[in-house]
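Chemist: Before we start, here is the structure in question, set down as structure tokens.
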């Protein structure tokens, strides 16, 4: 059944377009053209973000910060192996996937840290990337409380990932 959802949805769009006499292909092409323009507008912010992440990891800053916060995470029952993941996840999805792969390789997917890392990857967001993309497209300059509330949600997601795994899978 699920294999038919996308083809049925596309067919439904075509049928509604025919009924309403809308040039579906023309509208699609216009949307694609607008999307390319938006991609070029946010490209500088994304390049800066990726460069900063690479520099942070290469400089040893990630390891140093992980060591610095480990006493707090130990008190919260958060696995040390997942600290770099929690620090990178709000910034970069691809960086987080690389750290996630390292965790699974080093400690196994069935370990406590492997399961916590899996829940984190599936339940948290790349906050700064998302804010850069959406605020960049809409040209919003003042993020107000978006960053603070998003990082609070990320922190909650990290801690609840560890708690959930401890309660249900450990």
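No lab work stands behind these numbers, since they all come straight from the coordinates. Treat the numbers as computed from the prediction; the structure is a model and nothing was measured. Cβ: placed from backbone, ideal geometry, glycine included. Neighbour counts: every protein chain shown.
Chemist: Just the residues that are under 18 Å from the mean Cα position of the chain (by Cα) and surrounded by fewer than 17 Cβ atoms within 10 Å (Cβ to Cβ), please, taken from region 155-166.
Modeler: Scanning region 155-166 gives 155, 156, 159, 160.
Chemist: Would you check if residue 47 is farther than 16 Å from residue 129 by Cα, without any contact (Cβ under 8 Å) to a residue 60 or more places away in the chain and out of contact with any helix residue (DSSP H, G or I) (no Cβ under 9 Å at 6 or more places or on another chain)? First the steps, then the outcome.
Modeler: Numbers: farther than 16 Å from residue 129 by Cα: no; without any contact (Cβ under 8 Å) to a residue 60 or more places away in the chain: yes; out of contact with any helix residue (DSSP H, G or I) (no Cβ under 9 Å at 6 or more places or on another chain): yes.
Taking the combined requirement at face value, the residue does not satisfy it.
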